[in-house]
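Presented below is the structure to which this report refers.
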Amino acid sequence: MKVRKVRGTRDILPDKIRKWQYIEKIAREILENFGFQEIRTPLFEETPLFSRSIGEATDIVAKEMYTFKDRKGRSLTLRPEGTAPIVRAYLENRLPTPAKLYYLGPFYRYERPQAGRYREFYQIGAETIGSDSPASDAEIISLTMTLLKKLGLKDLILQLNGAGCRKCQPDYKEALKNYFRKKLNSLCDDCKRRYRKNPLRILDCKSKGCQKYIAQAPAISNYLCEKCKATLEEVKKYLDILKIEYTINPRLVRGLDYYTRTAFEITSRELGAQNAIAAGGRYDDLIEDLGGPSTPAVGVALGTDRLILALEREGVRLPVEEGIDVYLASLGTRASKKGFALVQRLREKNLKVEGSLSSKSLKSQLRLANKLGARYVLILGEEELTKKKAILKEMATGKQKKILLNKIVEEISRKVG
Ligand code: ATP
Ligand code: MG
């Protein structure tokens with residue numbers, strides 16, 4: 001039997017990994033600059049953590065979770081998102097407030113695989129727990145835009161909305177019900193279910209048939225309470241200060257029930273409106289809902305896979321470092337033993353070095369050096385050993401010179417370092 005990878009999962013192979021590493025490195029730098037600290041939570045949690053926080057009527061909980069029983073019959077779920085686990089960890093470990101936390105890693109949702117949509121996908125996210133200042137909302141948005149721009153994306157669209165709170169959402173839901181009641185027969189089956197359970201969810205439907213009606217649906221702007229209105233106005237002001245452009249989309253709600261007040265989504269023209277690169281918002285009730293004291297919070301999650309897709313489609317070339325510094329080619333047993341030691345000493349100088357571990361012909365060693373993208377090749381043979389010299393060849397120019405064996409480490413670190 002041939003075992004294959006599970007549908008919707010991928011192996012990220014060495015030819016692609018530099019891109020991932022580069023993105024993760026820049027993300028960490030920017031997140032740390034913004035004052036966030038990394039947190040790592042388990043890949044699986046007890047199921048109620050997600051079902052209670054994300055909402056029973058959401059697509060994630062209704063049909064996308066990987067839920068299974070462990071050997072003791074406990075219901076566990078592979079994390080479909082990062083916010084609920086972080087809130088759990090924040091409460092369980094009594095982290096100091098405000099807590100500014102970030103994460104990177106894989107998430108799991110049972111979705112139909114397609115470009116930019118996988119069953120195992122990656123997110124980079126940040127949460128500010130314990131701040132009700134709209135400046136925190138703007139900071140979260142700013143950090144996301146900073147990262148996307150730093151990586152070279154240009155065609156970005158930031159959509160912003162006030163998604164309401166427990167005070168004003170009920171009236172708005174009523175208004176949506178009144179509006180969709182007459183259109184119920186034309187909506188998709190999912191939306192018929194959403195209509196009964198949580199009509200807000202209809203606004204997040206991706207089917208073309210429903211989109212038509214969603215575009216004409218009542219806007220939440222007319223239903224927001226004073227506090228929600230004021231928060232939105234303040235967030236807008238802070239974004240103006242940072243010169244971050246946005247468009248208000250009064251029908252933007254997001255696919256998770258815990259969002260209150262601020263909701264936003266960042267899309268790129270290359271991926272289209274159906275495939276947001278990043279999204280987030282406020283969740284001022286979630287911490288209390290999960291058993292903690294009333295604590296305001298705001299966060300964002302960025303889809304790394306979609307980010308990479310957008311970079312590829314925009315033709316952005318990331319400045320990733322390819323290749324190695326030195327390839328050491330050796331001929332003969334004595335030279336190869338000497339070379340083995342030399343490789344180690346060069347590596348100790350923090351250089352990327354590879355050397356032949358078997359006695360291949362010089363030609364095949366040079367071919368390998370080329371394939372590995374070596375900047376320099378060091379050639380060591382019997383004759384060189386006798387003269388206590390080696391040949392250093394610069395691959396880009398083809399220039400060769402002889403250097404003394406006891407000067408090699410020094411010379412190469414100077415050239416490469
Ligand atoms: P969508 O509306 O595209 O299904 P979502 O609202 O379910 O997204 P969030 O839960 O807000 O997405 O997740 C934040 C980001 O994670 C998304 O904007 C997207 O970039 C990424 N993402 C979500 N689901 C997937 C997936 N199955 N595969 C790849 N990336 C994903
Ligand atoms: Mg989704």
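Only the coordinates and a few stated rules stand behind these numbers; no lab work does. Model, not experiment: these values are computed from the prediction. Cβ atoms come from the backbone with ideal geometry, glycine included; neighbour counts cover every protein chain shown.
Short version: what are the Cα gyration tensor semi-axes of segment 326-416, square root of 5 times each eigenvalue, largest first, in whole Å?
Numbers: eigenvalues 52, 48, 34 Å².
Over the Cα atoms of segment 326-416, the semi-axes work out to 16, 16, 13 Å.
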### Message
Just to check I understand the Karplus step: with θ = phi - 60° and J = 6.51 cos²θ - 1.76 cosθ + 1.60, what whole-Hz values come out for segment 152-157, glycine and proline as x?
### Response
x, 6, 10, 7, 9, 10
### Task
Name the long-range amide H neighbours of Y66: under 5 Å, sequence gap of 5 or more, or other chain; modelled H, no Pro or chain starts.
L78, Y110
### Gain on full stretching of the segment that runs from Q216 to T97 - 0.36 nm per residue minus C-alpha separation
38.7 nm
## Note on the structure
Non-local residues with an amide H under 5 Å from the amide H of G164, with H modelled 1.01 Å from N and Pro and chain starts lacking one, are R261
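Evaluate E = 1/(1 + (r/R0)^6) for S358 and T386, where r is the Cβ-Cβ distance and R0 equals 30 Å; express this FRET efficiency to the nearest 0.05. Show your work: numbers first, answer last.
Values: r = 23 Å, r/R0 = 0.76.
Plugging the Cβ-Cβ distance into 1/(1 + (r/R0)^6) gives 0.85.
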#### Entry: In nm, spacing of pseudo-spin labels at M1 and E29 (7 Å Cα→C-beta vector)
4.7
### Query
Given H placed on each backbone N at 1.01 Å, which residues far from A278 in sequence or on other chains put an amide H within less than 5 Å of it?
I266, G303
### Query
How high is the relative contact order of segment 281-414, in percent, with contacts defined as C-alpha pairs under 8 Å that are six or more residues apart?
20
### Task
For segment 266-274, just list the computed ³J(HN,Hα) in residue order, Karplus coefficients 6.51, -1.76 and 1.60, θ = phi - 60°, integers in Hz, with x standing in for Gly and Pro.
10, 10, 10, 4, 5, 9, x, 5, 7
## Note on the structure
Of all C-alpha pairs within the chain, those more than 35 angstrom apart amount in percent to 42
#### Entry: Overall dimensions of segment 263-382 by Cα: Rg and Dmax, Å
25.9, 76
#### Entry: Peptide ranges 30-41, 290-301 listed from the most packed, as the mean C-beta count within 10 angstrom indicates
290-301, 30-41
### Task
Could you go through segment 387-400 in sequence order and give the Karplus-derived ³J(HN,Hα) for each residue, using 6.51 cos²θ - 1.76 cosθ + 1.60 with θ = phi - 60°, rounded to whole Hz, and x for Gly and Pro?
7, 6, 9, 9, 9, 10, 10, 8, 5, 5, 9, x, 5, 10
### Summary
Answer in debye to the nearest 20: the dipole magnitude of segment 188-248 about its Cα centre, from +1 Lys/Arg and -1 Asp/Glu charges placed on Cβ, is 420
### Query
With charges only on Cβ, +1 for K and R and -1 for D and E, what is the dipole size of the chain about its Cα centre, in debye, rounded to 20?
1900
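For A341 and V316, calculate 0.36 nm times their separation in residues minus their Cα-Cα distance, and state this gained length in nm to one decimal. Before the final figure, lay out the partial values.
Details: separation 25, 0.36 × 25 = 9.00 nm, distance 4.06 nm.
Working it through step by step, the gained length comes to 4.9 nm.
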### Task
Extending each Cα 7 Å along its Cβ direction at K415 and S207, get the distance between those two points in nm, one decimal.
6.6
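Please state the charge dipole magnitude for segment 202-358, taken about the Cα centre, from unit charges on C-beta atoms (+1 on K and R, -1 on D and E), reported in debye and rounded to the nearest 20. List each step's numbers first, then the result.
On the way: 23 positive and 21 negative charges, 146 e Å.
In total the dipole reaches around 700 debye.
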### Message
What distance in nm lies between label points placed 7 Å from Cα along the C-beta direction at K173 and Y66?
### Response
3.1
### Message
With both bridge residues required to lie in the chain, what share of the DSSP beta bridges run antiparallel, to the nearest 5%?
### Response
80
### Message
Nearest 500 deg cm²/dmol is fine: what mean residue ellipticity at 222 nm does the chain get from its DSSP H runs of n ≥ 4 alone, each adding -39,500 (n - 2.57), divided by its residue count?
### Response
-11000 deg cm²/dmol
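Compute the relative contact order of the chain as a whole-number percentage, counting only Cα pairs closer than 8 Å that sit 6 or more residues apart in sequence.
Working: 711 pairs, mean separation 62.5, N = 417.
So the answer I get is 15 percent.
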## Note on the structure
Taking every DSSP bridge whose two residues both lie in segment 326-416, the antiparallel percent to the nearest 5 is 55
